[in-house]
Amino acid sequence: MFRFCRRIVGSYCESRSTFCLRLFGVLVAVQFIVSVATGQRGDVATPWPFFKPTPQNVTYRIGERAVMKCRVANLESRTITWRRHGQTHPLTIGEFTFAPDPRLSVDHDQKTDEWSLVIEDVRPDDEGSYLCQITVKTDPNKYSYRIQLNVKTVRLTGTEYVELGRPIRLLCNASSGRRHDDQPYDHIAWYFEDRPVDADVTSGLFITTKFETRSVQSTVVIAKSGARHQGVYECRTSGGDTDSMAVHVLDDFLINQRKRNKGIFADRIIGEDGSGRKMPTRASTAAHDSALSIWLQLSLLPSAIYRLILF
């Protein structure tokens with residue numbers, strides 16, 4: 001459009017006043033400003049890249065697979081670079097990894113234009129800010145997407161589903177990190193439904209704690225589970241870090257009901273020997289209960305129709 005206007009004004013101004021020449025100059029200047037603002041060069045559109053929203057504050061436990069997602073639109077021939085904030089050496093460039101740490105890699109999803117920095121077996125010293133940058137000739141900080149990685153130094157694992165009367169075993173693993181100046185923890189405290197838990201040999205509740213150089217492991221064992229043991233357990237370190245999990249105690253009726261759904265079990269009951277038996281997921285349980293309700297309603301339908309006919 002600007003070229004067409006320039007041709008008309010230019011041909012009109014060939015034999016006319018200086019005012020027309022000034023108008024022609026204004027049109028050229030406006031075209032230049034618009035091309036810079038919209039990323040156009042002549043009549044060819046080259047839109048500037050931009051970042052699409054992804055989580056900028058992510059938290060993982062020690063040992064988990066940490067994923068930081070960076071989604072870019074209009075990348076075209078440009079390259080994505082990952083680096084830690086405050087460091088000049090890149091971790092990844094494009095799909096290639098330059099970090100000496102084999103736990104780091106980049107995952108590129110071409111369908112979503114997503115470039116994810118992946119850290120396997122995440123550790124406390126991995127915590128910090130990471131930058132996803134687009135390589136451009138202008139200021140690289142202008143095209144940076146910052147993501148904060150938080151690493152929880154406490155991880156609670158163990159029995160999630162247990163048959164009534166079977167043992168419960170919970171393990172709390174706490175590793176010291178740079179947030180506590182690499183100082184080891186003094187102790188680990190246990191809580192059940194926000195109430196302190198203490199060892200009680202007479203009732204079959206045992207707590208053992210093992211101290212290592214930079215970590216502490218504490219174990220709770222309940223020899224014989226009962227309905228009163230169902231609830232949320234929490235372990236807290238002397239540094240203030242916590243983790244929690246829910247324990248479900250299943251009675252015989254509930255277990256027999258779940259066993260009818262063979263082939264869709266997913267969760268596990270963990271015994272003292274570490275072996276497990278599969279238990280149903282919450283989704284499969286809900287589906288089964290819904291199907292059972294529909295079947296009962298259909299089975300009662302003939303009798304309801306019979307009563308309506310008689311009365």
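Consider Arg260 carefully, then state whether it is open to solvent by 90 Å² or more (accessible area, probe 1.4 Å) and at pLDDT 95 or above. No.
Where strands (runs of 3 or more DSSP E) fall entirely within the range 72-172, those with at least 1 residues that are free of Cβ contacts under 8 Å to residues at least 24 places away in the same chain and more than 30 Å from Gly204 (Cβ to Cβ) are at 104-109, 144-152.
Determine whether the range 266-274 contains at least one residue that is modelled with pLDDT of 85 or more and in a strand (DSSP E or B). The answer is no, given that none of the residues of the range 266-274 is modelled with pLDDT of 85 or more and in a strand (DSSP E or B). For the structure I just gave you, tell me whether Ser129 is within 21 Å of Pro53 (Cβ to Cβ) and either surrounded by 18 or more Cβ atoms within 10 Å (Cβ to Cβ) or among the small types (Gly, Ala, Ser) (or both). Yes, satisfied.
Here are some residues: Glu120, Glu95, Glu64. Which one is open to solvent by 50 Å² or more (accessible area, probe 1.4 Å) and in contact with a His (Cβ under 7 Å, 6 or more places away or on another chain)? None of the others qualify; the one that does is Glu95.
The values are calculated or read from the model by the stated rules, or taken from the named source; none is laboratory data. Owing to the predicted nature of the structure, the values given are computational and were not obtained by experimental measurement. Note that we place each Cβ from the backbone using ideal geometry, even for glycine, and neighbour counts take in every protein chain shown. Just so you know, the surface numbers come from the protein's heavy atoms only, side chains and all, with ligands and any DNA or RNA stripped out. Shrake-Rupley method; radii C 1.70, N 1.55, O 1.52, S 1.80 Å.
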